[in-house]
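Values in this text are rule-based calculations from the coordinates and carry no lab data. What you see is a predicted model, and the numbers here were worked out from it, not measured in a lab. Glycine gets a Cβ as well: all are built from the backbone with ideal geometry, and neighbour counts include every protein chain shown.
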């Protein structure tokens, strides 16, 4: 073989080897990075979507602890339904004890505007709309706020990854939520939240609320995650704890009975129902 032919042979062989190496590296890269990590906002959008069930009925026990060993117990029933425009309507009615029986809340979670909330007080025999400045206030004397009962608008916050972390034995994305504007910040009463969202099901596992100095003053803990709608791949939280880290008070919600029901009657999700139950 001549020298020129040797050069051609070596050159062609090198091209083939480089091509094989490049193809291998590309395949390796696709294997490692083929599943693109969603953005922090996309994670929260997916998590918010998971909380939107086409229909649900439940009975819940709410336990309120004052930090001194004293406990109050409330029993409620709840029904919700998701409508074609993306609005989820939810009604909560207190069953016991006698001093709160008949008290109710109606919540409209809109997809693209602030939620609407009403509270019905049987002693007054009328409903009252909860204004935005009241959404951060206590829900029936518990450590849950009125806003904790709603899904909330995705545009209320901006989102930033703060890495991954195992929370309560589950691999999660850790995401900082910062109020999008001064109005939301005023409703929050602080500088934002840190939330942990499970990578396997996009359900929240914990949320910490930050005060104006950036310190954690309250946390929500989510548990009892159940696959409630296998066809839609939807999960549901059946246990929630709200803990005030400054006062030591805490409250626990347990969904004792939960039923997936896309056919919840629309008439239940009205002020008329609350006021005439």
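Using only Cα atoms and rounding to the nearest 10 degrees, what angle (0 to 90) does helix 40-50 make with the longest principal axis of the chain? The answer is roughly 50 degrees.
Among 149, 95, 274, 124, the ranking by other beta carbons within 10 Å of each residue's beta carbon, starting with the fewest, stands as 124, 95, 149, 274.
Annotation for the range 93-159 versus the range 201-266: alpha-carbon center distance of 15 Å.
Computed on the Cα atoms alone, the convex hull of the range 132-239 gives a volume of 118 cubic angstrom per residue. Residues of the range 255-277 with an amide N closer than 17 Å to a point placed 7 Å from the Cα of residue 134 along the Cα-to-Cβ direction: 271-272, 274-275. With neighbours defined as other Cβ atoms within 10 Å of a residue's Cβ, the residues 68, 59 order from fewest to most as 68, 59. Taking other C-beta atoms within 10 angstrom as a stand-in for reagent exposure, 83, 144 fall in the order 83, 144, fewest first.
For the pair residue 95 and residue 199, label points projected 7 Å from Cα toward Cβ lie 4.0 nm apart. Modelled label positions at residue 112 and residue 77, each set 7 Å beyond Cα in the direction of Cβ, lie 3.6 nm from each other. Above 32 Å, the calculated P(r) of the chain contains 33 percent of its Cα-Cα pairs.
For the range 41-275, relative contact order (Cα pairs under 8 Å, six or more residues apart, normalised by length) works out to 22 percent.
Each stretch of four or more DSSP H residues adds -39500 (n - 2.57); spread over every residue of the chain, this sum gives -6000 deg cm²/dmol at 222 nm. Rounded to whole Å, the principal axis extents of the Cα atoms in the range 185-253 read 44, 22, 19, largest first. Relative contact order of the range 219-277: 24 percent, from C-alpha pairs under 8 Å at least 6 residues apart in sequence. Placing a label point 7 Å from the Cα of residue 186 along the Cα-to-Cβ direction, the residues of the range 106-122 whose backbone N falls under 17 Å of that point are 114-115. Against the main long axis of the alpha-carbon atoms of the chain, helix 3-33 sits at an angle near 10°. Which part of the range 46-71 falls in the paramagnetic zone of residue 85, meaning amide N under 19 Å from the point 7 Å along Cα-to-beta-carbon? Under 19 Å, as judged by backbone N against the label point of residue 85, lie 52-55 of the range 46-71.
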